[in-house]
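Asks: I'd like to ask some things about the structure below.
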Amino acid sequence: MKYYSLAGQAPVTDFRTATLQGQAPDKGLYFPSRIPVWGKGFLDSLPRLPADEMALQVMRPYVGDCIPESELHRIVHETLDFPIPLNEVCSGISCLELFHGPTLAFKDVGARFMSRCLGWFSRDNDRRTVVLVATSGDTGGAVAHGFHNVPGIEVVILYPSGKVSPVQEKQLTTLQGNINALEVSGDFDDCQRLVKTAFADADLRAKVALSSANSINVARWLPQQLYYLLSWQQWPHRPDPPVISVPSGNFGNLCAGMMAWKSGLPVAHFIAACNANDTVPRYLQGGGYHPGRAVATHSNAMDVANPSNFVRILELLGGDATACRTIMSACSMSDADTVDTIRRVHREHGYRLDPHGAVGLLALQRWIDDHPKDKGYFLGTAHPVKFPDCVETATGEPVPVPESVRQVLEGVKVSVPIPADYGALHAFLEKMG
Ligand SMILES: *Cc1c(COP(=O)(O)O)cnc(C)c1O
């Protein structure tokens, strides 16, 4: 498989180079030169395929000969090494629970796959690889956990000070060792801008082997399609295809699902469930693409004004808002709707949502209200314990704390505060070369 840059000014490359570079040298996102189409044999056997066998078949064309088959098998096995159940929440609506991994959010899947690929690619480097990543909350913990103690790799995480939850902050500041947490006085868009500036800094990159672990990295983005297949295996209404509601921020998760759909996975419709950060909903309604500033909400992992993966969706769908509207729609939920949904679903169905899942469920519910014959699921992207304040306010009772989280909360936070300007980041990174 070859990968090209969506900015159109960089050489075509393979999976290994695309993973190591993260972003293409022309600042574009890498995109696969073709999307594999699964044969009927694969689709028919899919409901009975063991998870790692399925994952190997889906990922192999994307990885090509950059990783030997036996190694890729080990990687996908470790990537899916926790339960991903599809549970019915209420009539016609299920939740694909992606929060049973080490940091209780779906980003564990992509982070685990990517860290193991990068570990393999760096195995006999004499220079250490510096993984640089901006997080709005969950990426940091998943990446920190995925890469902790991987030899030859140093991780630098930028997170917006005061804008991530206590569990999230502890997950990315307590591991230490090869994990460095930079606490930025600014918001997620500032963090993302600093990271982009570093990647575009040729002088710095000559001294430091930089790699990205954001959802733009193909090794993080592509394996996210695997759980859409796992959900199809569990979908009780086969052969009718589901409507899938994806709580969206940077749109990597949704775009991965669309890749699986392009390859042949049955999907009736995708819903991009957004919070008040509604750049894409406004675009699909015909209002043009006008990202503003990010707004802080209860579903803070989706507080993104200018979603970096949206260009990939446009590429995949061949172009414009009209092309998008047949397979996807997008909607925006307020914080009041979010809290109300958590309260109502807990009261009526005894199911405890997190704020991101709540946005996903409500978007799906509204769709089904308009299309009563449809059934679907939303992605449960995080465990409610990661957002205790909002969930406790809504349900009126404390969120039970899993043992793994209790241990994380007792850890000691170590972070390096920096201002939201590139000079400070540059100085920090230069020392790592
Ligand atoms: C990252 C994240 C999202 C948004 O996913 P994108 O791929 O950025 O759209 C949604 N919910 C949670 C809990 C997240 O951590």
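FYI, it's all coordinate maths here, none of it is from the lab. Predicted, not measured: the structure shown is a model, and the values here were computed from it. Quick reminder, even Gly has a Cβ in these numbers, built from the backbone with ideal geometry, and neighbours come from all protein chains shown.
Asks: Where the centre of each part is set by its Cα atoms, how far does the range 186-240 sit from the range 368-421, in angstrom?
Replies: 20
Asks: Next question. Give me the distance in nm between label points sitting 7 Å out from Cα along the Cα-to-Cβ direction at Q234 and N87, one decimal.
Replies: Taking the two extended label points, one gets 0.9 nm.
Asks: Then there's this: Working out 0.36 nm times the residue gap between E69 and R123, then minus their Cα-Cα distance, what length gain in nm do you get to one decimal?
Replies: Gain in length upon complete extension: 17.8 nm.
Asks: Classify the range 38-157: rounded, prolate or oblate, from the alpha-carbon gyration tensor (a ≥ b ≥ c, eigenvalue square roots; a/c under 1.5 rounded; otherwise prolate if a/b is larger than b/c)?
Replies: oblate
Asks: Right, next: Starting from the amide H of V12, placed 1.01 Å from N in the peptide plane, find each other amide H under 5 Å away whose residue is 5 or more places distant or on another chain.
Replies: Result for V12 returns nothing.
Asks: Another one. How much net charge surrounds V37 when only the other residues with a Cβ under 15 Å from the Cβ of V37 are counted, with Lys and Arg +1 and Asp and Glu -1?
Replies: Net charge around V37: +3.
Asks: Between the range 169-185 and the range 41-79, what's the alpha-carbon centroid distance in Å?
Replies: 32
Asks: Rounded, prolate or oblate: which fits the range 325-364, taking a ≥ b ≥ c as square roots of the Cα gyration tensor eigenvalues, rounded meaning a/c under 1.5, else prolate when a/b beats b/c?
Replies: Judged from the Cα gyration tensor, the range 325-364 comes out prolate (a/c at least 1.5, a/b above b/c).
Asks: By how many nm would the segment from A7 to S334 grow when fully extended, if each residue of separation counts as 0.36 nm and the alpha-carbon distance is taken off?
Replies: 114.4 nm
Asks: Taking only the C-alpha atoms, wrap a convex hull around the range 164-257 and report its volume per residue in Å³ as a whole number.
Replies: Hull volume normalised by residue count: 155 Å³.
Asks: While we're here: Straight-line reach from K386: which lysines have a Cα under 27 Å away, not including same-chain ones fewer than 8 places off?
Replies: Reachable lysines: K107, K163, K170, K413.
Asks: Which residues in the range 318-360 have a backbone N closer than 19 Å to a point placed 7 Å from the Cα of D389 along the Cα-to-Cβ line?
Replies: Residues 334-343, 353-359 fall inside that zone.
Asks: Beyond 40 Å, what share of the Cα-Cα pairs of the chain remains, rounded to the nearest whole percent?
Replies: 11
Asks: Can you give the local net charge around I216? Use residues other than it whose beta-carbon is closer than 12 angstrom to its beta-carbon, Lys and Arg +1, Asp and Glu -1.
Replies: Residues close to I216 contribute a combined charge of +4.
Asks: Would you please give the FRET efficiency between Q176 and K373, computed as 1/(1 + (r/R0)^6) with r the Cβ-Cβ distance and R0 = 35 Å, to the nearest 0.05?
Replies: 0.10
Asks: Amide H neighbours of Y351 under 5 Å, at least 5 residues apart or on other chains, H built in the peptide plane: list them.
Replies: H346
Asks: Another question, then. What list do you get for V164, V412 if you sort them by fewest beta carbons within 10 Å?
Replies: Final ranking by Cβ density, sparse to dense: V412, V164.
Asks: Under 5 Å between amide hydrogens, which residues at least 5 positions from I418 or on another chain qualify, with H placed 1.01 Å from N in the peptide plane?
Replies: It is E183, V184, S185, by chain and number.
Asks: Which residues make up the longest stretch of the chain that has no trypsin sites (Lys or Arg not before Pro) in a DSSP loop with at most 16 other Cβ atoms within 10 Å?
Replies: 129-292
Asks: What's the FRET efficiency of L49 with I327 using the Cβ-Cβ distance as r and R₀ = 30 Å, to the nearest 0.05?
Replies: 0.75
Asks: While we're here: Would you list F387, F31 from fewest to most Cβ contacts within 10 Å?
Replies: In order of increasing Cβ crowding within 10 Å: F31, F387.
Asks: From largest to smallest, what semi-axes in whole angstrom does the range 2-46 give when each is the square root of 5 times an eigenvalue of its alpha carbon gyration tensor?
Replies: The three semi-axes for the range 2-46 are 28, 10, 7 Å.
Asks: Another question, then. Can you tell me the Rg and Dmax of the range 1-89, counting just the alpha carbons, in angstroms?
Replies: Expressed in Å, the Cα Rg and Dmax of the range 1-89 come to 15.8, 47.
Asks: For every other residue with a beta carbon closer than 15 angstrom to the beta carbon of R127, add +1 if it is Lys or Arg and -1 if Asp or Glu, then tell me the sum.
Replies: +1
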